[in-house]
1. Rounded to the nearest 0.05, what FRET efficiency do B:Asp21 and A:Trp180 have when you use their Cβ-Cβ distance and R0 = 45 Å?
2. If you rank B:Thr115, A:Thr188 by how much accessible surface each has, with a 1.4 Å probe, what is the order from largest down?
3. Put a dot 7 Å past each Cα toward the Cβ at A:Arg74 and B:Asp124; how far apart are the dots in nm?
4. Grab the other residues whose beta carbon is less than 14 angstrom from that of B:Leu58, score K and R as +1, D and E as -1, and report the net.
5. I'd like the orientation of helix A:189-203 relative to chain A: the angle between its Cα long axis and the longest Cα principal axis, in ° from 0 to 90, rounded to 10.
6. Amide H of B:Leu126: which non-local residues (sequence gap of 5 or more, or other chain) have their own amide H closer than 5 Å, using H built in the peptide plane?
7. What are the trypsin sites (Lys or Arg not before Pro) within the stretch A:35-100 that DSSP puts in a loop, where the Cβ has at most 16 other Cβ atoms within 10 Å?
8. Give the calculated FRET efficiency between B:Glu82 and B:Arg131 to the nearest 0.05, with a Förster radius of 22 Å applied to their Cβ-Cβ distance.
Number of protein chains: 2
Amino acid sequence: MSTAEETAGGEAQAWGEVTPDAARRLLIAAVEAFAERGYHATTTRDIAGRAGMSPAALYIHYKTKEELLHRISRIGHEKALEILRTASRREGSPTERLADAVSSFVRWHAGGRTTARVVQYELDSLGPDARAEILALRRQVDAEVRGIIEDGVRSGEFEVIDVHGTTLAVLSLCIDVARWFNVDGPRTPEEVGALYADLVLRMVGAGASAAASQK
Amino acid sequence: MSTAEETAGGEAQAWGEVTPDAARRLLIAAVEAFAERGYHATTTRDIAGRAGMSPAALYIHYKTKEELLHRISRIGHEKALEILRTASRREGSPTERLADAVSSFVRWHAGGRTTARVVQYELDSLGPDARAEILALRRQVDAEVRGIIEDGVRSGEFEVIDVHGTTLAVLSLCIDVARWFNVDGPRTPEEVGALYADLVLRMVGAGASAAASQK
DNA sequence: GCCGAAGGTGAGCGAGCGCTTAGCGTGGCC
DNA sequence: GGCCACGCTAAGCGCTCGCTCACCTTCGGC
(Lines give C-alpha, C1' and ligand atoms only; values in the text may rest on other atoms or scores of the structure.)
Protein backbone atom coordinates (compact mmCIF):
# COMPACT_ATOMS: atom_id res chain seq x y z
CA MET A 1 0.00 0.00 0.00
CA SER A 2 2.85 2.35 0.78
CA THR A 3 5.26 0.63 -1.57
CA ALA A 4 6.43 2.40 -4.70
CA GLU A 5 3.08 3.52 -5.90
CA GLU A 6 2.33 6.16 -8.48
CA THR A 7 4.13 9.33 -9.33
CA ALA A 8 3.33 10.92 -12.66
CA GLY A 9 1.60 9.30 -15.59
CA GLY A 10 1.61 5.77 -14.28
CA GLU A 11 -0.59 5.65 -11.20
CA ALA A 12 -1.87 2.21 -12.12
CA GLN A 13 -2.35 1.44 -8.42
CA ALA A 14 -5.60 -0.07 -7.28
CA TRP A 15 -7.18 -0.86 -10.62
CA GLY A 16 -5.93 -4.42 -10.32
CA GLU A 17 -9.39 -5.62 -9.48
CA VAL A 18 -10.72 -4.54 -12.87
CA THR A 19 -10.80 -7.33 -15.42
CA PRO A 20 -10.31 -8.22 -18.21
CA ASP A 21 -7.09 -6.50 -19.14
CA ALA A 22 -8.60 -4.45 -21.95
CA ALA A 23 -11.30 -3.10 -19.66
CA ARG A 24 -8.67 -2.04 -17.15
CA ARG A 25 -6.59 -0.30 -19.80
CA LEU A 26 -9.65 1.62 -20.94
CA LEU A 27 -10.48 2.59 -17.37
CA ILE A 28 -6.98 3.90 -16.70
CA ALA A 29 -7.05 5.79 -19.99
CA ALA A 30 -10.37 7.32 -18.98
CA VAL A 31 -9.03 8.40 -15.58
CA GLU A 32 -6.13 10.19 -17.21
CA ALA A 33 -8.29 11.86 -19.82
CA PHE A 34 -11.00 12.92 -17.37
CA ALA A 35 -8.41 14.34 -14.98
CA GLU A 36 -6.68 16.28 -17.73
CA ARG A 37 -9.61 17.72 -19.59
CA GLY A 38 -12.71 17.02 -17.51
CA TYR A 39 -15.45 14.51 -18.23
CA HIS A 40 -17.44 16.54 -20.71
CA ALA A 41 -14.43 17.70 -22.67
CA THR A 42 -13.16 14.14 -23.04
CA THR A 43 -14.21 12.17 -26.10
CA THR A 44 -14.67 8.44 -26.33
CA ARG A 45 -12.22 8.51 -29.24
CA ASP A 46 -9.61 10.04 -26.95
CA ILE A 47 -10.09 7.38 -24.28
CA ALA A 48 -9.94 4.54 -26.80
CA GLY A 49 -6.88 6.10 -28.44
CA ARG A 50 -4.98 6.31 -25.15
CA ALA A 51 -5.75 2.65 -24.55
CA GLY A 52 -4.47 1.81 -28.04
CA MET A 53 -7.84 0.73 -29.34
CA SER A 54 -10.47 1.80 -31.80
CA PRO A 55 -13.41 3.93 -30.59
CA ALA A 56 -15.81 1.02 -30.92
CA ALA A 57 -13.80 -1.19 -28.56
CA LEU A 58 -14.93 0.91 -25.62
CA TYR A 59 -18.51 -0.25 -26.03
CA ILE A 60 -17.62 -3.90 -25.75
CA HIS A 61 -16.59 -3.37 -22.13
CA TYR A 62 -18.75 -0.43 -21.09
CA LYS A 63 -22.28 0.45 -22.01
CA THR A 64 -21.73 4.21 -22.07
CA LYS A 65 -19.08 6.82 -21.38
CA GLU A 66 -20.90 7.59 -18.14
CA GLU A 67 -20.50 4.02 -16.95
CA LEU A 68 -16.74 4.54 -17.09
CA LEU A 69 -17.01 7.57 -14.81
CA HIS A 70 -19.35 5.71 -12.50
CA ARG A 71 -16.96 2.79 -12.12
CA ILE A 72 -14.00 5.10 -11.53
CA SER A 73 -15.93 7.09 -8.98
CA ARG A 74 -17.15 4.07 -7.05
CA ILE A 75 -13.78 2.35 -6.91
CA GLY A 76 -12.12 5.62 -5.91
CA HIS A 77 -14.58 6.38 -3.17
CA GLU A 78 -14.30 2.85 -1.81
CA LYS A 79 -10.54 3.23 -1.68
CA ALA A 80 -10.85 6.59 0.09
CA LEU A 81 -13.27 5.12 2.60
CA GLU A 82 -10.98 2.18 3.23
CA ILE A 83 -8.07 4.51 3.95
CA LEU A 84 -10.06 6.48 6.50
CA ARG A 85 -11.54 3.38 8.10
CA THR A 86 -8.09 1.86 8.55
CA ALA A 87 -6.87 4.99 10.32
CA SER A 88 -10.04 5.40 12.31
CA ARG A 89 -10.22 1.86 13.64
CA ARG A 90 -6.62 1.34 14.57
CA GLU A 91 -5.66 1.52 18.20
CA GLY A 92 -4.37 4.76 19.62
CA SER A 93 -5.57 8.06 20.96
CA PRO A 94 -7.96 10.23 18.94
CA THR A 95 -5.04 12.57 18.31
CA GLU A 96 -2.97 9.80 16.78
CA ARG A 97 -5.89 8.41 14.82
CA LEU A 98 -6.85 11.81 13.41
CA ALA A 99 -3.27 12.58 12.43
CA ASP A 100 -3.03 9.19 10.76
CA ALA A 101 -6.33 9.63 8.95
CA VAL A 102 -5.47 13.08 7.64
CA SER A 103 -1.94 12.28 6.58
CA SER A 104 -2.88 9.08 4.74
CA PHE A 105 -5.96 10.67 3.17
CA VAL A 106 -3.87 13.61 1.99
CA ARG A 107 -1.13 11.34 0.69
CA TRP A 108 -3.74 9.56 -1.40
CA HIS A 109 -5.07 12.82 -2.82
CA ALA A 110 -1.62 14.16 -3.59
CA GLY A 111 0.05 11.00 -4.85
CA GLY A 112 -2.94 9.78 -6.78
CA ARG A 113 -3.95 13.25 -7.84
CA THR A 114 -5.07 12.10 -11.27
CA THR A 115 -7.55 9.64 -9.83
CA ALA A 116 -8.54 11.84 -6.90
CA ARG A 117 -9.36 14.72 -9.20
CA VAL A 118 -11.85 12.67 -11.12
CA VAL A 119 -13.29 11.11 -7.99
CA GLN A 120 -13.75 14.39 -6.14
CA TYR A 121 -14.58 16.84 -8.89
CA GLU A 122 -16.60 15.04 -11.53
CA LEU A 123 -19.42 13.97 -9.23
CA ASP A 124 -21.90 16.31 -10.89
CA SER A 125 -21.30 14.71 -14.27
CA LEU A 126 -22.95 11.51 -13.08
CA GLY A 127 -26.63 10.82 -13.64
CA PRO A 128 -29.04 10.96 -10.67
CA ASP A 129 -28.89 7.26 -9.75
CA ALA A 130 -25.14 6.90 -9.89
CA ARG A 131 -24.79 10.21 -8.09
CA ALA A 132 -27.03 9.06 -5.25
CA GLU A 133 -24.98 5.89 -4.83
CA ILE A 134 -21.74 7.84 -4.60
CA LEU A 135 -23.23 10.37 -2.20
CA ALA A 136 -24.04 7.50 0.18
CA LEU A 137 -20.34 6.58 0.19
CA ARG A 138 -19.43 10.19 0.88
CA ARG A 139 -21.69 10.25 3.91
CA GLN A 140 -19.79 7.24 5.24
CA VAL A 141 -16.52 9.10 4.67
CA ASP A 142 -17.88 12.04 6.61
CA ALA A 143 -19.10 9.82 9.44
CA GLU A 144 -15.70 8.21 9.79
CA VAL A 145 -13.90 11.51 10.33
CA ARG A 146 -16.64 12.88 12.54
CA GLY A 147 -16.33 9.76 14.69
CA ILE A 148 -12.69 10.43 15.43
CA ILE A 149 -13.36 14.06 16.29
CA GLU A 150 -16.22 13.11 18.57
CA ASP A 151 -13.97 10.63 20.33
CA GLY A 152 -11.40 13.34 20.88
CA VAL A 153 -13.97 15.75 22.24
CA ARG A 154 -15.33 13.09 24.57
CA SER A 155 -11.87 12.21 25.88
CA GLY A 156 -11.07 15.89 26.38
CA GLU A 157 -8.15 15.82 23.95
CA PHE A 158 -9.91 18.06 21.44
CA GLU A 159 -11.62 21.35 21.98
CA VAL A 160 -14.20 21.77 19.24
CA ILE A 161 -17.39 23.82 19.37
CA ASP A 162 -18.97 22.90 16.03
CA VAL A 163 -18.17 19.23 15.40
CA HIS A 164 -20.10 18.98 12.13
CA GLY A 165 -18.64 22.19 10.75
CA THR A 166 -15.12 21.25 11.74
CA THR A 167 -15.49 17.79 10.18
CA LEU A 168 -16.61 19.45 6.97
CA ALA A 169 -13.63 21.79 7.05
CA VAL A 170 -11.13 18.99 7.69
CA LEU A 171 -12.46 16.92 4.82
CA SER A 172 -12.67 19.95 2.57
CA LEU A 173 -9.04 20.79 3.29
CA CYS A 174 -7.90 17.27 2.42
CA ILE A 175 -10.02 16.93 -0.69
CA ASP A 176 -8.93 20.24 -2.15
CA VAL A 177 -5.36 18.92 -2.24
CA ALA A 178 -6.38 17.12 -5.42
CA ARG A 179 -7.08 20.49 -7.04
CA TRP A 180 -3.82 22.29 -6.35
CA PHE A 181 -1.22 19.58 -5.81
CA ASN A 182 1.43 19.58 -8.49
CA VAL A 183 3.59 16.53 -9.03
CA ASP A 184 6.40 18.76 -10.29
CA GLY A 185 6.00 21.15 -7.36
CA PRO A 186 8.29 21.54 -4.38
CA ARG A 187 6.39 19.24 -1.99
CA THR A 188 6.12 15.48 -1.83
CA PRO A 189 2.79 13.85 -0.88
CA GLU A 190 4.41 12.78 2.39
CA GLU A 191 5.40 16.34 3.26
CA VAL A 192 1.94 17.69 2.55
CA GLY A 193 0.42 14.85 4.58
CA ALA A 194 2.61 15.70 7.57
CA LEU A 195 1.93 19.43 7.29
CA TYR A 196 -1.82 18.89 7.01
CA ALA A 197 -1.92 16.48 9.94
CA ASP A 198 -0.29 19.16 12.06
CA LEU A 199 -2.68 21.87 10.82
CA VAL A 200 -5.73 19.70 11.47
CA LEU A 201 -4.60 18.86 15.00
CA ARG A 202 -4.34 22.58 15.63
CA MET A 203 -7.83 23.07 14.20
CA VAL A 204 -9.35 20.65 16.70
CA GLY A 205 -7.39 22.12 19.55
CA ALA A 206 -5.29 19.04 20.19
CA GLY A 207 -2.31 19.95 22.29
CA ALA A 208 -4.14 22.80 23.97
CA SER A 209 -3.94 20.75 27.13
CA ALA A 210 -1.02 18.54 26.11
CA ALA A 211 1.91 18.78 23.70
CA ALA A 212 0.72 17.24 20.42
CA SER A 213 2.76 18.32 17.41
CA GLN A 214 5.43 15.78 18.11
CA LYS A 215 6.42 12.97 15.72
CA MET B 1 -20.49 45.75 0.01
CA SER B 2 -22.11 43.97 2.93
CA THR B 3 -25.59 45.22 2.10
CA ALA B 4 -28.27 42.76 1.05
CA GLU B 5 -26.35 41.01 -1.64
CA GLU B 6 -27.21 37.76 -3.32
CA THR B 7 -28.85 34.69 -1.95
CA ALA B 8 -30.11 32.15 -4.45
CA GLY B 9 -30.65 32.64 -8.15
CA GLY B 10 -30.23 36.41 -8.21
CA GLU B 11 -26.64 37.17 -7.33
CA ALA B 12 -26.50 40.05 -9.78
CA GLN B 13 -23.98 41.79 -7.54
CA ALA B 14 -20.82 43.15 -9.04
CA TRP B 15 -21.65 42.81 -12.72
CA GLY B 16 -22.78 46.43 -12.77
CA GLU B 17 -19.61 47.45 -14.55
CA VAL B 18 -20.47 45.34 -17.58
CA THR B 19 -22.17 47.28 -20.35
CA PRO B 20 -24.28 47.39 -22.43
CA ASP B 21 -27.26 45.80 -20.74
CA ALA B 22 -27.55 42.90 -23.18
CA ALA B 23 -23.90 41.98 -22.66
CA ARG B 24 -24.43 41.94 -18.90
CA ARG B 25 -27.51 39.74 -19.17
CA LEU B 26 -25.57 37.29 -21.29
CA LEU B 27 -22.70 37.29 -18.82
CA ILE B 28 -24.98 36.56 -15.86
CA ALA B 29 -26.72 33.84 -17.84
CA ALA B 30 -23.32 32.33 -18.61
CA VAL B 31 -22.28 32.39 -14.95
CA GLU B 32 -25.41 30.51 -13.94
CA ALA B 33 -25.08 27.97 -16.73
CA PHE B 34 -21.35 27.37 -16.16
CA ALA B 35 -21.89 26.96 -12.42
CA GLU B 36 -24.74 24.52 -12.92
CA ARG B 37 -23.36 22.31 -15.65
CA GLY B 38 -19.71 23.27 -16.11
CA TYR B 39 -18.16 25.15 -18.99
CA HIS B 40 -17.86 22.31 -21.46
CA ALA B 41 -21.34 20.97 -20.82
CA THR B 42 -22.90 24.38 -21.37
CA THR B 43 -24.05 25.27 -24.87
CA THR B 44 -24.16 28.73 -26.38
CA ARG B 45 -27.82 28.07 -27.11
CA ASP B 46 -28.43 27.55 -23.39
CA ILE B 47 -26.69 30.80 -22.45
CA ALA B 48 -28.56 32.81 -25.06
CA GLY B 49 -31.84 31.18 -24.06
CA ARG B 50 -31.38 32.08 -20.38
CA ALA B 51 -30.76 35.68 -21.44
CA GLY B 52 -33.92 35.63 -23.55
CA MET B 53 -32.09 35.94 -26.85
CA SER B 54 -31.35 33.95 -29.96
CA PRO B 55 -28.10 31.94 -30.18
CA ALA B 56 -26.65 34.40 -32.69
CA ALA B 57 -27.02 37.37 -30.35
CA LEU B 58 -24.20 36.09 -28.18
CA TYR B 59 -21.68 36.71 -30.93
CA ILE B 60 -22.58 40.38 -31.23
CA HIS B 61 -21.17 40.99 -27.75
CA TYR B 62 -18.57 38.26 -27.40
CA LYS B 63 -16.20 36.79 -29.91
CA THR B 64 -16.35 33.24 -28.55
CA LYS B 65 -17.82 31.23 -25.71
CA GLU B 66 -14.38 31.22 -24.13
CA GLU B 67 -14.32 35.03 -24.01
CA LEU B 68 -17.35 34.87 -21.74
CA LEU B 69 -15.52 32.59 -19.32
CA HIS B 70 -12.43 34.76 -19.49
CA ARG B 71 -14.39 37.92 -18.63
CA ILE B 72 -16.20 36.18 -15.76
CA SER B 73 -12.96 34.79 -14.42
CA ARG B 74 -11.10 38.10 -14.55
CA ILE B 75 -13.86 40.13 -12.92
CA GLY B 76 -14.31 37.46 -10.25
CA HIS B 77 -10.63 37.25 -9.44
CA GLU B 78 -10.37 41.03 -9.25
CA LYS B 79 -13.25 41.05 -6.80
CA ALA B 80 -11.65 38.32 -4.69
CA LEU B 81 -8.34 40.18 -4.67
CA GLU B 82 -10.08 43.40 -3.65
CA ILE B 83 -11.76 41.65 -0.72
CA LEU B 84 -8.46 40.28 0.57
CA ARG B 85 -6.61 43.56 0.02
CA THR B 86 -9.23 45.46 2.00
CA ALA B 87 -8.85 43.08 4.92
CA SER B 88 -5.09 42.93 4.64
CA ARG B 89 -4.49 46.69 4.56
CA ARG B 90 -6.87 47.78 7.26
CA GLU B 91 -5.42 48.72 10.62
CA GLY B 92 -5.31 46.12 13.34
CA SER B 93 -3.22 43.22 14.55
CA PRO B 94 -2.33 40.36 12.21
CA THR B 95 -4.81 38.24 14.14
CA GLU B 96 -7.63 40.67 13.46
CA ARG B 97 -6.62 41.17 9.84
CA LEU B 98 -6.37 37.43 9.16
CA ALA B 99 -9.75 36.76 10.78
CA ASP B 100 -11.25 39.57 8.72
CA ALA B 101 -9.67 38.32 5.50
CA VAL B 102 -10.82 34.74 6.00
CA SER B 103 -14.35 35.55 7.10
CA SER B 104 -15.01 38.01 4.25
CA PHE B 105 -13.33 35.77 1.68
CA VAL B 106 -15.42 32.82 2.86
CA ARG B 107 -18.61 34.90 2.88
CA TRP B 108 -17.95 35.78 -0.74
CA HIS B 109 -17.42 32.13 -1.70
CA ALA B 110 -20.51 30.96 0.16
CA GLY B 111 -22.90 33.79 -0.68
CA GLY B 112 -21.77 34.13 -4.27
CA ARG B 113 -21.29 30.43 -4.68
CA THR B 114 -22.54 30.46 -8.26
CA THR B 115 -19.92 32.96 -9.35
CA ALA B 116 -17.20 31.59 -7.12
CA ARG B 117 -17.65 28.11 -8.51
CA VAL B 118 -16.99 29.28 -12.02
CA VAL B 119 -14.12 31.50 -10.96
CA GLN B 120 -12.35 28.85 -8.91
CA TYR B 121 -13.08 25.65 -10.76
CA GLU B 122 -13.22 26.43 -14.47
CA LEU B 123 -9.71 27.81 -14.72
CA ASP B 124 -8.49 24.87 -16.77
CA SER B 125 -11.12 25.50 -19.42
CA LEU B 126 -9.39 28.73 -20.42
CA GLY B 127 -6.85 28.86 -23.22
CA PRO B 128 -3.15 29.31 -22.38
CA ASP B 129 -3.07 33.12 -22.67
CA ALA B 130 -6.17 33.81 -20.62
CA ARG B 131 -5.08 31.18 -18.13
CA ALA B 132 -1.70 32.87 -17.66
CA GLU B 133 -3.37 36.21 -17.02
CA ILE B 134 -5.64 34.74 -14.36
CA LEU B 135 -2.79 32.85 -12.72
CA ALA B 136 -1.00 36.18 -12.24
CA LEU B 137 -4.03 37.43 -10.30
CA ARG B 138 -4.01 34.27 -8.20
CA ARG B 139 -0.39 34.82 -7.27
CA GLN B 140 -1.38 38.26 -5.98
CA VAL B 141 -4.16 36.65 -3.93
CA ASP B 142 -1.64 34.25 -2.45
CA ALA B 143 0.82 37.04 -1.69
CA GLU B 144 -1.84 39.02 0.16
CA VAL B 145 -2.63 36.19 2.57
CA ARG B 146 0.99 35.22 2.97
CA GLY B 147 1.74 38.83 3.89
CA ILE B 148 -0.66 38.76 6.81
CA ILE B 149 0.72 35.47 8.07
CA GLU B 150 4.30 36.73 7.81
CA ASP B 151 3.32 39.81 9.79
CA GLY B 152 1.86 37.61 12.49
CA VAL B 153 4.95 35.44 12.66
CA ARG B 154 7.17 38.50 12.84
CA SER B 155 5.13 40.02 15.64
CA GLY B 156 5.11 36.74 17.52
CA GLU B 157 1.35 36.40 17.43
CA PHE B 158 1.45 33.40 15.12
CA GLU B 159 3.45 30.24 15.42
CA VAL B 160 3.91 28.83 11.93
CA ILE B 161 6.71 26.61 10.70
CA ASP B 162 5.89 26.40 6.98
CA VAL B 163 4.53 29.81 5.96
CA HIS B 164 4.07 28.96 2.29
CA GLY B 165 2.38 25.66 3.01
CA THR B 166 0.10 27.16 5.61
CA THR B 167 -0.88 30.00 3.23
CA LEU B 168 -1.75 27.41 0.63
CA ALA B 169 -3.85 25.48 3.12
CA VAL B 170 -5.72 28.57 4.32
CA LEU B 171 -6.58 29.63 0.79
CA SER B 172 -7.47 26.08 -0.19
CA LEU B 173 -9.84 25.82 2.75
CA CYS B 174 -11.61 29.05 1.81
CA ILE B 175 -11.81 28.31 -1.91
CA ASP B 176 -13.25 24.85 -1.42
CA VAL B 177 -16.27 26.42 0.27
CA ALA B 178 -17.52 27.17 -3.24
CA ARG B 179 -17.61 23.43 -3.93
CA TRP B 180 -19.63 22.20 -0.96
CA PHE B 181 -21.62 25.19 0.25
CA ASN B 182 -25.35 24.70 -0.18
CA VAL B 183 -27.68 27.68 -0.15
CA ASP B 184 -30.46 25.49 1.21
CA GLY B 185 -28.18 23.96 3.83
CA PRO B 186 -28.15 24.63 7.57
CA ARG B 187 -25.44 27.30 7.59
CA THR B 188 -25.47 30.92 6.48
CA PRO B 189 -22.42 32.42 4.77
CA GLU B 190 -21.85 34.51 7.89
CA GLU B 191 -21.78 31.44 10.13
CA VAL B 192 -19.32 29.64 7.90
CA GLY B 193 -17.18 32.76 7.74
CA ALA B 194 -17.03 32.99 11.54
CA LEU B 195 -16.31 29.28 11.95
CA TYR B 196 -13.55 29.36 9.37
CA ALA B 197 -11.94 32.48 10.81
CA ASP B 198 -11.71 30.65 14.13
CA LEU B 199 -10.28 27.50 12.53
CA VAL B 200 -7.68 29.46 10.59
CA LEU B 201 -6.54 31.35 13.69
CA ARG B 202 -6.02 27.99 15.34
CA MET B 203 -4.05 26.79 12.31
CA VAL B 204 -1.58 29.66 12.60
CA GLY B 205 -1.30 29.22 16.34
CA ALA B 206 -2.86 32.56 17.21
CA GLY B 207 -3.87 32.56 20.86
CA ALA B 208 -1.14 30.08 21.75
CA SER B 209 0.43 32.89 23.71
CA ALA B 210 -2.73 34.99 24.13
CA ALA B 211 -6.47 34.31 24.13
CA ALA B 212 -7.66 34.81 20.57
CA SER B 213 -10.92 33.06 19.77
CA GLN B 214 -12.96 35.93 21.11
CA LYS B 215 -15.58 37.85 19.10
C1' DG C 1 -38.81 61.72 -43.88
C1' DC C 2 -34.78 59.61 -45.17
C1' DC C 3 -30.37 57.16 -43.72
C1' DG C 4 -26.94 54.67 -41.52
C1' DA C 5 -25.41 52.47 -37.43
C1' DA C 6 -26.46 49.34 -33.71
C1' DG C 7 -28.56 45.34 -32.15
C1' DG C 8 -31.22 41.63 -33.17
C1' DT C 9 -33.18 37.14 -35.77
C1' DG C 10 -33.80 32.46 -38.54
C1' DA C 11 -31.63 29.34 -41.02
C1' DG C 12 -27.94 26.65 -41.58
C1' DC C 13 -22.67 25.53 -42.24
C1' DG C 14 -18.93 22.17 -41.29
C1' DA C 15 -17.21 19.54 -37.72
C1' DG C 16 -17.12 16.43 -34.16
C1' DC C 17 -19.85 14.02 -30.87
C1' DG C 18 -21.70 9.31 -28.58
C1' DC C 19 -22.78 5.23 -30.14
C1' DT C 20 -24.05 1.18 -33.64
C1' DT C 21 -23.44 -2.28 -36.98
C1' DA C 22 -21.46 -5.55 -40.29
C1' DG C 23 -17.73 -8.12 -40.71
C1' DC C 24 -12.88 -9.91 -39.77
C1' DG C 25 -9.13 -12.58 -37.41
C1' DT C 26 -7.96 -15.91 -34.03
C1' DG C 27 -7.68 -19.47 -30.50
C1' DG C 28 -9.98 -23.37 -27.86
C1' DC C 29 -12.80 -27.54 -28.36
C1' DC C 30 -14.60 -31.62 -30.39
C1' DG D 1 -9.89 -29.57 -39.40
C1' DG D 2 -14.29 -27.50 -39.07
C1' DC D 3 -16.82 -24.38 -36.08
C1' DC D 4 -18.10 -20.88 -33.31
C1' DA D 5 -17.61 -17.51 -29.56
C1' DC D 6 -14.93 -13.63 -28.50
C1' DG D 7 -12.46 -9.33 -29.07
C1' DC D 8 -11.84 -6.04 -32.07
C1' DT D 9 -12.09 -2.76 -36.26
C1' DA D 10 -13.78 0.32 -40.29
C1' DA D 11 -17.33 2.77 -41.54
C1' DG D 12 -20.82 5.56 -40.63
C1' DC D 13 -25.60 7.17 -38.55
C1' DG D 14 -28.14 10.74 -36.41
C1' DC D 15 -27.49 14.55 -33.77
C1' DT D 16 -25.84 18.68 -31.65
C1' DC D 17 -22.17 21.63 -31.24
C1' DG D 18 -19.79 26.56 -31.88
C1' DC D 19 -20.25 29.82 -34.93
C1' DT D 20 -21.69 32.57 -39.46
C1' DC D 21 -24.43 35.00 -42.69
C1' DA D 22 -28.11 37.35 -45.00
C1' DC D 23 -31.55 40.00 -43.62
C1' DC D 24 -34.72 42.67 -40.54
C1' DT D 25 -36.06 46.21 -37.10
C1' DT D 26 -35.53 50.37 -34.36
C1' DC D 27 -34.02 54.91 -33.57
C1' DG D 28 -31.27 59.36 -33.26
C1' DG D 29 -29.47 63.14 -36.39
C1' DC D 30 -30.32 66.38 -39.95
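1. Computed FRET efficiency for B:Asp21 and A:Trp180: 0.75.
2. Descending accessible area places them as A:Thr188, B:Thr115.
3. In this crude label model, B:Asp124 to A:Arg74 measures out at 2.4 nm.
4. Here the count lands on +4.
5. So the helix axis and the longest Cα principal axis differ by about 40 degrees.
6. HN-HN under 5 Å from B:Leu126: empty list.
7. Counting only loop positions with at most 16 other Cβ atoms within 10 Å, the trypsin sites (Lys or Arg not before Pro) in the stretch A:35-100 are A:Lys63, A:Arg90.
8. The value I calculate is 0.55.
The values are calculated or read from the model by the stated rules, or taken from the named source; none is laboratory data. All values derive from a computational prediction rather than experimental measurement. Heads up, the Cβs are rebuilt from the backbone with ideal geometry, glycines too, and the neighbour counts pull from every protein chain shown. These area figures cover heavy atoms from the full protein model, side chains too; ligands, DNA and RNA do not enter into them. Shrake-Rupley method; radii C 1.70, N 1.55, O 1.52, S 1.80 Å.
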